[in-house]
Each structure stands twice: as C-alpha cells, then as structure tokens.
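Below: one structure, written as structure tokens.
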Number of protein chains: 2
Amino acid sequence: MENQDIKKAGLKITLPRVKILTLLEKHGGHLSAEDVYKILLDEGEEIGLATVYRVLTQFESAGLVVRQNFEGGQSVFEIDSGTHHDHLVCIKCGKVEEFLDATIEKRQEAIAKKFGFTIKDHALVIYGCCDKAECNLE
Amino acid sequence: MENQDIKKAGLKITLPRVKILTLLEKHGGHLSAEDVYKILLDEGEEIGLATVYRVLTQFESAGLVVRQNFEGGQSVFEIDSGTHHDHLVCIKCGKVEEFLDATIEKRQEAIAKKFGFTIKDHALVIYGCCDKAECNLE
DNA sequence: AATGATAATGAGAAGATTTCTCATTATCAC
DNA sequence: GTGATAATGAGAAATCTTCTCATTATCATT
C-alpha cells in the first residue's frame, strides 16, 4: 500500500522508509524528526537520526508528507492528506487543530493578485490557548 | 526620540541599543540578526553578534520590534509599526510585502472561537513569485 | 563632576536543529 | 544469485541562537 507510494516517488522500498511512513500514518499527528527517531528507537528499531531527516525530506519532496514550521525550533511532519489545511496551535499544551477556511483561501489569492505575486505556498498558524483548564491559567 | 522608547522598556540607553534601533528604523525592511551585525560592522561599529541577538530579543519583549519566522532559517526583525500585518514573500528575490486584510482577521477569530482557542498570536505568510521578470523564469 | 551599584557588553563556548561525508550494507533489475 | 547502484548509520560539520563570564559602561546619587 504505502510501499507503492515510496516506489512511485522513485525511492527504493527500505525498512527505514517503511517504518517512518507507517509511523506517521499510525500516529496521525504532527511529529518532529526527533519524535520519529525516538519512537522508532523505543520500538526497538535500529535507525539513525540522519536517516530520519533524510527520509522525511525525501518524502516531503515526493509529496508524501507535509512539513510545518511552527514557532520554536523543530519542523514537524504529517502525512499529506491531499487536502491543504492550516493550523491552530496551543502554546501551552502543544495541541494542534487543523482547519480550512474557503474565505481565507480566496482572500489570499486576491491579495497575491493585487501585489502581482503568484502563490507557491502559504502558511497560516494561529497560536493561542486551547479550552483546557490548565491552558488558561495566568 | 527612540532613546526614550528604550528607557520606557526598562533598558539602559546604550550605544549598541541605539545603533540597532536606528538601523532598523532607517532600513525599514526585514533584517536578520546577522544582517544587523554585518551592517553595523561595515559602518565601523564595534559590536558583538551576541549583543545583537540579545538586544533584538529584548526589543521584541518590549514591543519595539516584531520577529518574523519566515521559512528557511533565520528570524527577521522589523520595527513594530503598531499596526499588525501579514507578509507576502518572494521565494526568488526575497522581496517582502506587507498586507492587512480585515476579512482574514475576522475569519481567524471565528475559527479560533469554534475550536475554543483564545488567540495570542498568528502568522500568515504567503510565499510566491513577485512580478519581476527574473522571478518568473522556470 | 566623581562614585558606586548594577546592568550591559563582547568573545568564545555551548546548545539545538539539520545537513553532510563516507565506509558499509541493502535493494532490485537482470 | 549477482552486480550496479542506492541507502544507511555514525559522527563530523554547518547553521542559527543562546549562554557564560570577565570586563566595561550607564546612571542615580552624591
């Protein structure tokens, strides 16, 4: 299944690649390269951090995963669901919610047009506190 | 003038701080810490890179400058104009345009409310190619 | 204007994230 | 199975940023 996606990307089907892709699919969430590395180590895999970075970058180029550059250091990766979406990030607990707003998408196109830009990509991240009690203390 | 802003922030008025703030005001654009450092060196100032980072972070906390985390490494800083705005960045030549769209701002509030988030901050960056000929080659 | 408490500086070390190098190993078309 | 080639893992290195600490500058008080 996912193995064919790897092959279609022009990459050989190797254990590290299958493990990383499976992990991202299983986890569903937004994992950093180091998260992926540690989880695989915990699961008893022998894998190098350099391989994780390399493979994630290759998957990104191949369109299998999407990289998000949230504030504060590490990039995080998620399986490319095929449908673009933006993110809400809780700055207290780290919870990430996804959303897609047609109005915002349309306005962006209009703005780019006004400035003579051709959009290649965009990143909208809303940082805030989610509704959990412990995320709303002073 | 700007010296009072430094004092109001609870910081002593020192040569490095005045130089950095003046440079950001004069330049107007979006400069990285290293840009600031190199320009000041070129102007014959004696300043350390650590001081530039330290001062920019202090200015950010004080609300004098705003930090932008565009893709690809370094943070860039600009004088806080007082009015929030988002950015269009040309991925070819690096040109940065600023915009503010009331519709997008309102939609963000609605989305945060729907998810139970209290917005603290947000970052919207549109990456694309600007209308210069050399930025639209394949 | 001199003094002294305190904050700020500059230089280099160190931390954090990511990429590179290269010898060894695995994949896969034949 | 074999061999050409790609991929891996380990550590070095690159990049950006922060930390440490001895020295220096600021500024309220004299």
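The values are calculated or read from the model by the stated rules, or taken from the named source; none is laboratory data. It should be emphasised that the depicted structure is a prediction, and the values quoted were computed from it without experimental measurement. Every residue, glycine as well, gets a Cβ built from its backbone with ideal geometry; the counts of neighbours run over all protein chains shown. Surface areas here come from the heavy atoms of the whole protein model, side chains and all, with no ligands, DNA or RNA. Shrake-Rupley method; radii C 1.70, N 1.55, O 1.52, S 1.80 Å.
Just a few scattered comments:
- Across peptide A:80-89, the mean count of Cβ atoms from other chains lying within 10 Å of each residue's own Cβ comes to 2.
- Charged neighbours of A:T103, selected by a Cβ distance under 14 Å, balance to -2 (K, R count +1; D, E count -1).
- Within the accessible area of the range B:86-135 (1.4 Å probe), percent carbon and sulfur: 51
- Between chain B and chain A, the total buried accessible area stands at approximately 3000 Å², from heavy atoms with a 1.4 Å probe.
- Most positive-pole-ward Cα, B:T103, B:C93, B:Y127, against dipole of the range B:86-135 from beta carbon charges: B:T103
- Cα centroid separation, the range A:4-30 to the range B:63-84 (Å): 36
- Between identical copies, the spacing of A:A133 label points, each set 7 Å from Cα toward the C-beta atom, reads 6.7 nm from nearest to farthest.
- With a 10 Å cut-off around each Cβ of A:127-134, the average count of Cβ atoms from other chains is 4.
- Nearest-first distances (nm) between copies at B:S81, label 7 Å from Cα via Cβ: 3.4
- Per-atom-type breakdown for the range A:19-60 gives carbon and sulfur 47% of the accessible area (1.4 Å probe, protein chains only).
- Pairs of lysines in chain A whose Cα atoms sit within less than 22 Å of one another amount to 13, provided the residues are eight or more positions apart or on different chains.
- Across the identical copies, how the A:T57 labels are spaced - nm, sorted shortest first, 7 Å along Cα→Cβ: 2.7
- Solvent exposure of the protein assembly as shown, expressed per residue, is 56 Å² of accessible area, with all protein chains present and a 1.4 angstrom probe.
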